[in-house]
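Just below is one structure, and these are the notes that go with it.
The values are calculated or read from the model by the stated rules, or taken from the named source; none is laboratory data. Computed from a predicted model, the values in this text were never measured in an experiment. Don't worry about glycine lacking a Cβ; one is built from the backbone with ideal geometry, like all the others, and counts go over all protein chains shown. Note: accessible area is taken over every heavy atom of the protein model, side chains too, but ligands, DNA and RNA are not part of it. Shrake-Rupley method; radii C 1.70, N 1.55, O 1.52, S 1.80 Å.
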Amino acid sequence: MAGSSRSEQRIGLLNGFAAYGMWGLVPLFWPLLKPAGAGEILAHRMVWSLAFVGVALLVVRRWAWAGELLRQPRRLALVTVAAAVITVNWGVYIWAVNSGHVVEASLGYFINPLVTIAMGVLLLKERLRPAQWAAVGTGFAAVLVLTVGYGQPPWISLCLALSFATYGLVKKKVNLGGVESLAAETAIQFLPALGYLLWLGAQGDSTFTTEGAGHAALLAATGVVTAIPMVCFGAAAIRVPLSTLGLLQYLAPVFQFLLGVLYFGEAMPPERWAGFGLVWLALTLLTWDALRTAHRTARTLRARLDQAGAGVTPVKGGAPRESGIVASGAPAPGSVGSEQLDTAARKP
């Protein structure tokens, strides 16, 4: 049994590395689709993603959720909002990569946990621990430094972080699985995307049929590029702890940052290094606080179990009272929780 458990964890880790690795290396893919513009690439991604996921659902015969969703107008409305927000996220990311802003795009996913925390405080009235406040303050200082460095606010990063954090908030309310939510959202995106592609064709501006079979195949592959990492992520999520996935999530922006600097040769003057350094300091604080909280919670649970096994009544109020600690030992709010990890299926 122990050997089987270790084997499952190894499989989970490999799938986690594969998922976040593919999301981190995806900036290498979008430039291959030129001369197609960001709008055309985005529309193809929506259309072919639905085709790929639809076939997958047919194979595994998982359609019961669709009927339930259609009978719940509020959840359907939330899925529509999620589809709109992730459309913005995907579109901005594709445009950023193909316009030479890979580093700034990576920053958006570095600061996403900080933006999620801020939204939790402002919209959900969540209480933060001192380390979380310090992380948010450091992240805010980083944005100010980067604003000076870029000569303007890093709007690409902020747009990506805000859209993805909003998406995560909406996803928390919808409560659909990764494959099912991708199918529902791309089903909503499908008709507008297909209509846009048909309009491009009528205007003579479509590259799908004019740039050769190889180019058409690459555009169709956007569905695979979207769905395959999500499948690997799903395999990892059920086999490794959330805290481990929370650490793995930083692989994607790290790879994107390295590609931007080392492969695409984007400039990194001192003020940008300073801004990124502050962001990394904020994330270090956040990760340390989340791991410490998870460790303290697990220790408290073990103590209670030991007391119960010995027939001793646990001391009332013996558990830590800091906000964000949950009985399962999952990461605290502002780190990576299960609903945030599920939204990783929409990483660029």
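What is the range 87-177 by shape, rounded, prolate or oblate, if you read a ≥ b ≥ c off the alpha carbon gyration tensor as root eigenvalues and call it rounded for a/c under 1.5, prolate for a/b larger than b/c, and oblate otherwise? Walk me through the numbers before you get to the answer.
On the way: a/c = 2.79, a/b = 1.17, b/c = 2.38.
Oblate, because a/c is 1.5 or more while a/b does not exceed b/c.
Residues in the range 79-94, backbone N under 15 Å from the label point at Lys173 (7 Å along the Cα-to-beta-carbon vector): list them, ranges by number please.
Answer for this model: 79-86.
For a quick check, take a GNM of the chain with Cα springs below 10 Å and name the residue from Val279, Val60, Val102 with the largest mean-square fluctuation.
Top of the fluctuation ranking is Val60.
Any chance you could list the semi-axes, whole Å, largest first, of the equivalent ellipsoid that the Cα gyration tensor gives for the range 225-302, using √(5λ)?
Working: eigenvalues 175, 93, 6 Å².
So the three semi-axes of the range 225-302 are 30, 22, 6 Å.
Rounded, prolate or oblate: which fits the range 127-186 when a ≥ b ≥ c are the square roots of the eigenvalues of the alpha-carbon gyration tensor, with rounded for a/c under 1.5 and prolate only if a/b beats b/c?
Numbers: a/c = 4.78, a/b = 1.64, b/c = 2.91.
Note, shape of the range 127-186 comes out oblate.
Which of rounded, prolate, oblate describes the range 1-159, given a ≥ b ≥ c as roots of the alpha-carbon gyration tensor eigenvalues and a/c under 1.5 marking rounded, otherwise prolate only if a/b is larger than b/c? Before the final figure, lay out each step's value.
Details: a/c = 1.43, a/b = 1.23, b/c = 1.16.
Rounded.
Using alpha carbon centroids, what distance separates the range 1-75 and the range 173-217, in Å?
That distance is 15 Å.
Evaluate the distance, in nm, between pseudo-label points positioned 7 Å from the Cα of Asp205 and of Trp288 along their respective Cα→Cβ axes.
Those two pseudo-labels are separated by 5.1 nm.
For the pair Tyr263 and Ser5, how long in nm is the line joining their label points, each one 7 Å along Cα→Cβ?
Taking the simple label geometry, Tyr263 and Ser5 are separated by 3.8 nm.
Taking the simple approach of a point 7 Å from Cα along Cα-to-Cβ for both Val254 and Leu25, what is their distance in nm?
Output for this residue pair reads 1.6 nm.
If you average the sequence gap of Cα pairs under 8 Å that are 6 or more apart and divide by the length of the chain, what percent do you get for the contact order?
On the way: 446 pairs, mean separation 121.5, N = 348.
For the chain, the relative contact order is 35 percent.
Before I look further, what does the range 238-277 give for accessible area per residue, probe 1.4 Å, in whole square angstrom?
Numbers: 1920 Å² over 40 residues.
On a per-residue basis, 48 Å².
Pairs of lysine in the chain with Cα under 26 Å and at least 8 positions apart or on different chains: total?
Values: Lys34/Lys347; Lys125/Lys171; Lys125/Lys172; Lys125/Lys173; Lys171/Lys347; Lys172/Lys347; Lys173/Lys347.
Final tally of qualifying lysine pairs is 7.
Between Ala217 and Leu301, what FRET efficiency follows from the Cβ-Cβ distance if R0 is 56 Å, with the result rounded to 0.05?
On the way: r = 52 Å, r/R0 = 0.93.
That pair, Ala217 with Leu301, gives E of 0.60.
In sequence order, what are the phi-derived ³J(HN,Hα) couplings for the range 155-166 according to the Karplus relation 6.51 cos²θ - 1.76 cosθ + 1.60 with θ = phi - 60°, rounded to whole Hz, with x for glycine and proline?
My calculation for the range 155-166 gives 5, 4, 4, 5, 5, 5, 5, 5, 5, 6, 5, 5 Hz in order.
How do 19-28, 50-59 rank on mean C-beta neighbours within 10 Å, highest first?
On the way: 19-28: 21.2, 50-59: 16.4.
Going from most to least packed, we get 19-28, 50-59.
Would you work out which of Ile117, Leu70, His101 lies farthest towards the positive end of the dipole of the range 60-136? Charges go on Cβ: Lys and Arg +1, Asp and Glu -1.
Leu70
Is there a quick way to get the dipole size of the chain? I mean about its Cα centre, with the Cβ of Lys and Arg at +1 and of Asp and Glu at -1; what is the value in debye to the nearest 20? Could the numbers behind the result be given before it?
Numbers: 26 positive and 16 negative charges, 279 e Å.
Roughly 1340 debye, rounded to the nearest 20.
How long are the three semi-axes of the equivalent ellipsoid of the chain, in whole Å, if each is the root of 5 times an eigenvalue of the C-alpha gyration tensor, listed from largest down? The partial results should precede the final answer.
Details: eigenvalues 258, 136, 68 Å².
After scaling each eigenvalue by five and taking roots: 36, 26, 18 Å.
Using a 1.4 Å probe on the protein chains only, how many percent of the accessible area of the chain belongs to carbon and sulfur?
Values: 10990 of 16220 Å².
Carbon-and-sulfur percentage of accessible area, whole number: 68.
Compare the peptides 82-95, 246-259, 191-204 by average per-residue count of other Cβ atoms within 10 angstrom and give them in order, highest first.
On the way: 82-95: 22.1, 246-259: 20.4, 191-204: 13.6.
Sorting 82-95, 246-259, 191-204 by mean packing, highest first, produces 82-95, 246-259, 191-204.
Compute a Gaussian network model of the chain, connecting alpha carbons closer than 10 Å, and tell me which residue from Ser163, Ser106, Ser206 fluctuates the most.
With Cα springs under 10 Å in the chain, the top fluctuation among Ser163, Ser106, Ser206 is at Ser206.
Taking the chain as a Gaussian network, Cα atoms linked when under 10 Å apart, which of Thr300, Thr226, Thr244 shows the biggest mean-square fluctuation?
Result for the chain, Cα springs under 10 Å: Thr300 fluctuates most.
How much mean residue ellipticity at 222 nm does the chain get from its helices, if each DSSP H run of length 4 or more adds -39500 (n - 2.57) and you divide by all residues, to the nearest 500 deg cm²/dmol? Don't jump to the answer; show the numbers that get you there.
On the way: 15 runs with 253 residues, N = 348.
The helix-only estimate for the chain comes to -24500 deg cm²/dmol at 222 nm.
Can you give the relative contact order of the range 1-150 as a percent, counting alpha carbon pairs under 8 Å and 6+ residues apart?
Numbers: 36 pairs, mean separation 35.6, N = 150.
Dividing the mean separation by the residue count of the range 1-150 yields 24 percent.
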